[in-house]
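Working notes, beginning with the structure itself.
The values are calculated or read from the model by the stated rules, or taken from the named source; none is laboratory data. Given the structure is predicted, the values throughout are model-derived calculations rather than measurements. Every residue, glycine as well, gets a Cβ built from its backbone with ideal geometry; the counts of neighbours run over all protein chains shown. Remember, those area values only see protein heavy atoms, side chains included, never the ligands or the DNA or RNA. Shrake-Rupley method; radii C 1.70, N 1.55, O 1.52, S 1.80 Å.
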Protein chains: 2
Amino acid sequence: MQNFSFHNPVRIEFGKDKEQNIGEYMADFGAKKALILYGSERVKNNGLYDVVIKSLSQKGIEFTAVGGIKSNPVLSKVNEAIKVAKEFGADSVLAVGGGSVLDSAKAVAAGACYDGDVWDFFTGKQPTKALKIFDIITLAATGSEMNKGGVVTNENTKQKYAIDAPCLYPKVSIINPKLQATVTPEYLVYSASDVIAHSIEAYFTATSHCDLVKMQVEANIKSIIKTTEILLANPNDYDARAEFAWAATMALNGLTHVGVGGFNFPNHMIEHAMSAVVDCAHGAGLSVLMPAWMKWYKNRNLEQFERFAREIFGLKTADEGIEALKAWFEKINTHTNLKQVNIEGEVLEETIKVAVQNAKDWGMSELYTKEAITEIFNLAK
Amino acid sequence: MQNFSFHNPVRIEFGKDKEQNIGEYMADFGAKKALILYGSERVKNNGLYDVVIKSLSQKGIEFTAVGGIKSNPVLSKVNEAIKVAKEFGADSVLAVGGGSVLDSAKAVAAGACYDGDVWDFFTGKQPTKALKIFDIITLAATGSEMNKGGVVTNENTKQKYAIDAPCLYPKVSIINPKLQATVTPEYLVYSASDVIAHSIEAYFTATSHCDLVKMQVEANIKSIIKTTEILLANPNDYDARAEFAWAATMALNGLTHVGVGGFNFPNHMIEHAMSAVVDCAHGAGLSVLMPAWMKWYKNRNLEQFERFAREIFGLKTADEGIEALKAWFEKINTHTNLKQVNIEGEVLEETIKVAVQNAKDWGMSELYTKEAITEIFNLAK
């Protein structure tokens, strides 16, 4: 077990009706002027937006809003919102939506306290100051509600990169599973794929690892598999929705990375190229990629792949475990080959090119050469 | 899954040599005048105390110290230390030792900011202000390093009660497994028993529970069982020591209680009477009590006891699981009957009397009547 520091100061408010108290939670941290960020107009049509502004008004919190943030959120939108935040004099950002909205909010929070180009923070510079971040998370997937990272795509350069700094931990994250009950089956299975990807990256790539952390990762994966199936059959099963949401949060709040040596995020690194090029759902890209990457990588850590097969699926060999995961992805109806996400021919060539650049920028180009990335994509055809 | 709030702001600094930076960590939080608390003179003899004061001095942090805190820490000592803290004008308390030292430090931190009797905080009043708390934890057991509670015994009234408030979260806790390598086998197994007790209380008594949380509890227990056996054979196995320490921390940092309805701590409630009366090690009292309580309680939650048997020991029935736990306690050489902790005859009568009072004060007297408690003790003979 390696030395580590762990400090996750996010306050989680989990459960039914918690969004009604958002004004109170923000007032606890002295928020007075909030920029509300959201995605589609759905949050206005379903009443959530009204609940939010009523609660803010009750606590005397002024607000303005920027909507229209889309999946695979883009830098231009972040810049638009930074401008609004600065003009409004916001002291806080409230994300109402899924991981894309919250990730954008993190970038906006840092950018609003910075005179330069916010993209600097995605390419090496570390933000040290940010507006206070709050969120009501309506899609369980990214884990952004309990971590300090966010991902945004620079449309011009096709770079889908991350911002990551302690000042970007949300102050309070509201997770109300009921607000997540209207997620479509399509996005539910993409979310399941995303959480599994968060779970397996360090699990397979770490150079050292303790059994307790491995068991915690396995618990998250088993929980996601079980609750996804329940929710596909009955989207209104509250307990399953709640467990799914909590597993998503637990998968990327830092606890599954404590004491873990030398791990990295190869599936994310390569998938970011896919969704940057074809704008596919991140989870769909990941379910295409993971089984392929696993086949390619397995002999580097065979024992761990056998453990995965045994603990998750009750099987024996690494290959059986990989096939079982792919079969499960097929069963729940997420994508498992490149054609399904429109990556073929010239588009594939471009995706490989972007992935190769990602590998360089993420410091992973020694193992992930052009040949290696091509081989992985070939296994995903 | 019930609604919950989760907010654990403790910063964990885990690993080799971390204690050398204690001055820096305390300076991060503006500490200038520290009261150091410790137990036996061992920390002076083994050099740890010198490392600590050197680090504080390097950061210009003034200090004074109170030693002599013992296992099952007592109120008189806490009061002595509060007086010293007030006279010195301490802004922080640094616990160097095990759970008893840290629990005392929490009481001292609250008492030093209060004009009344600190025992008020153990009997209903909630502290809202405390000195900054830091610790170097030299025994993994209580989980106090990542929670907001502490337990102290009032020698006059034989009440072993808890203080618990958000202001009592440590700012930084240092967990260096190497500092825990000199723990005797005796205290190692008591610690194992304590962690298992923390794990099972909500696991068995909760009225609602999600599978993910259950799996996390089971992971902690499996980890403790495995690493205890490794450490009994080889006390210097660093990875096992580290995993044991982290499992102890994870078992009582709040994560295994999220969304869990209506649970309580019957084993702790009754054992506190035992160690208040005969001053036995808390973990020894718990290993005597747990199998007895489990036999008495099992039919109230049979399915969960069967799950315990299956998941922890690969067995089938509730009774098999309980017997396996008892057999494991015997195997590792902790106590499993009342005689071994000198609770017999009149002493048993007195212990029952104190436990009955505890049940009242803890709000658990409906189920834990004098008859029930007597029956549980009879099963522990």
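Based on this model, can you work out whether B:THR336 counts as open to solvent by less than 80 Å² (accessible area, probe 1.4 Å), at pLDDT 95 or above, over 15 Å from B:SER275 (Cα atoms) and among the β-branched types (Val, Ile, Thr)?
no
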When B:ASN3 is evaluated against the numbered criteria (1) over 24 Å from the mean Cα position of the chain (by Cα); (2) open to solvent by 10 Å² or more (accessible area, probe 1.4 Å); (3) more than 14 Å from chain A (Cβ to nearest Cβ), which criterion, by number, is the only one it fails?
(3)
What's the number of the condition B:ASP279 fails, among (1) surrounded by fewer than 24 Cβ atoms within 10 Å (Cβ to Cβ); (2) at pLDDT 95 or above; (3) away from every other protein chain (no Cβ under 13 Å)?
(2)
Flagged in region B:176-218 as closer than 23 Å to A:GLN216 by Cβ and β-branched (Val, Ile, Thr), in numbering order, are B:VAL195, B:ILE196, B:ILE200, B:THR205, B:VAL213, B:VAL217
Hey, could you check region B:61-86 for residues that are assigned to a helix (DSSP H, G or I) and in contact with a Leu (Cβ under 7 Å, 6 or more places away or on another chain) and say which is farthest from B:ILE163 (Cα to Cα)?
B:VAL84
Report yes if B:VAL108 is buried (at least 24 other Cβ atoms within 10 Å of the Cβ) and in the same structural domain as B:LYS171 (by TED's automatic domain parsing), otherwise no.
yes
Matching residues, region A:26-48, being out of contact with any Phe, Trp or Tyr (no Cβ under 7 Å at 6 or more places or on another chain) and part of a helix (DSSP H, G or I)
A:ALA27, A:ASP28, A:ARG42, A:LYS44, A:ASN45, A:LEU48
So, B:VAL43, is that one at negative phi, open to solvent by less than 20 Å² (accessible area, probe 1.4 Å), in the same structural domain as B:ASN154 (by TED's automatic domain parsing) and under 23 Å from the mean Cα position of the chain (by Cα) or not?
yes
Looking at region A:172-193, which of the residues that are within 18 Å of the chain's Cα centre (by Cα) and not in a helix (DSSP H, G or I) is surrounded by the fewest Cβ atoms within 10 Å (Cβ to Cβ)?
A:THR184
Tell me which residues, restricted to region A:6-55, are of a type in the set (D, E, K, R), within 14 Å of another protein chain (Cβ to nearest Cβ) and over 30 Å from A:GLY262 (Cα atoms).
A:GLU13, A:LYS16, A:ASP17, A:LYS18, A:GLU19, A:GLU24, A:ASP28
Please state which of the following conditions B:SER223 fails to meet, knowing it meets all the rest: (1) among the hydroxyl-bearing types (Ser, Thr, Tyr); (2) within 8 Å of chain A (Cβ to nearest Cβ); (3) without any contact (Cβ under 8 Å) to a residue 24 or more places away in the chain.
(3)
Of the residues A:ASP211, A:ASP164, only one is away from chain B (no Cβ under 11 Å) and either among the β-branched types (Val, Ile, Thr) or more than 12 Å from the chain's Cα centre (by Cα) (or both); which?
A:ASP164
Taking only pairs six or more apart or across chains, which ones have beta-carbon atoms under 9 Å, a first residue in region B:258-286 that is farther than 21 Å from B:TRP296 by Cα, and a second residue that is open to solvent by 10 Å² or more (accessible area, probe 1.4 Å) and aromatic (Phe, Trp, Tyr)?
B:VAL258/B:PHE4; B:VAL258/B:PHE6; B:GLY259/B:PHE4; B:VAL260/B:PHE4; B:ALA281/B:TYR187; B:ALA281/B:TYR190
Somewhere in region B:343-366, is a residue assigned by TED's automatic domain parsing to the domain that holds B:HIS198, in contact (Cβ under 8 Å) with a residue 40 or more places away in the chain and more than 23 Å from B:VAL152 (Cα to Cα)?
no
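Table: residues versus (1) free of Cβ contacts under 8 Å to residues at least 12 places away in the same chain; (2) open to solvent by 10 Å² or more (accessible area, probe 1.4 Å).
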| site | (1), (2) |
| --- | --- |
| A:TYR203 | no, no |
| A:ALA206 | no, yes |
| A:ALA233 | yes, yes |
| A:PHE244 | no, no |
Does region A:319-328 include one or more residues that are under 18 Å from A:THR207 (Cα atoms) and either in a helix (DSSP H, G or I) or at pLDDT 95 or above (or both)?
no
If we keep only residues of region A:348-370 that are open to solvent by 50 Å² or more (accessible area, probe 1.4 Å) and in a helix (DSSP H, G or I), then the residue nearest to A:CYS280 (Cα to Cα) is A:GLU350
Taking region B:162-171, which residues are open to solvent by 10 Å² or more (accessible area, probe 1.4 Å) and either assigned to a loop (DSSP other than H, G, I, E, B) or aromatic (Phe, Trp, Tyr) (or both)?
B:TYR169, B:LYS171
Go through (1) buried (at least 19 other Cβ atoms within 10 Å of the Cβ); (2) closer than 30 Å to A:THR157 by Cβ; (3) touching a Cys at 6+ places or on another chain (Cβ under 9 Å) and name the single condition A:CYS113 misses.
(1)
Only unsatisfied item for A:SER92, checking (1) over 18 Å from the mean Cα position of the chain (by Cα); (2) open to solvent by 50 Å² or more (accessible area, probe 1.4 Å); (3) more than 14 Å from every other protein chain (Cβ to nearest Cβ), is (2)
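Does B:SER199 meet the test of being more than 14 Å from chain A (Cβ to nearest Cβ), open to solvent by less than 10 Å² (accessible area, probe 1.4 Å) and under 17 Å from the mean Cα position of the chain (by Cα)? Break it down into steps so the answer makes sense when it comes.
Details: more than 14 Å from chain A (Cβ to nearest Cβ): no; open to solvent by less than 10 Å² (accessible area, probe 1.4 Å): yes; under 17 Å from the mean Cα position of the chain (by Cα): yes.
Here the answer is no, as B:SER199 does not meet what is asked.
Being polar (S, T, N, Q), assigned to a helix (DSSP H, G or I) and farther than 17 Å from B:ILE175 by Cα, is that true of even one residue in region B:194-206?
For region B:194-206, residues polar (S, T, N, Q), assigned to a helix (DSSP H, G or I) and farther than 17 Å from B:ILE175 by Cα: present.
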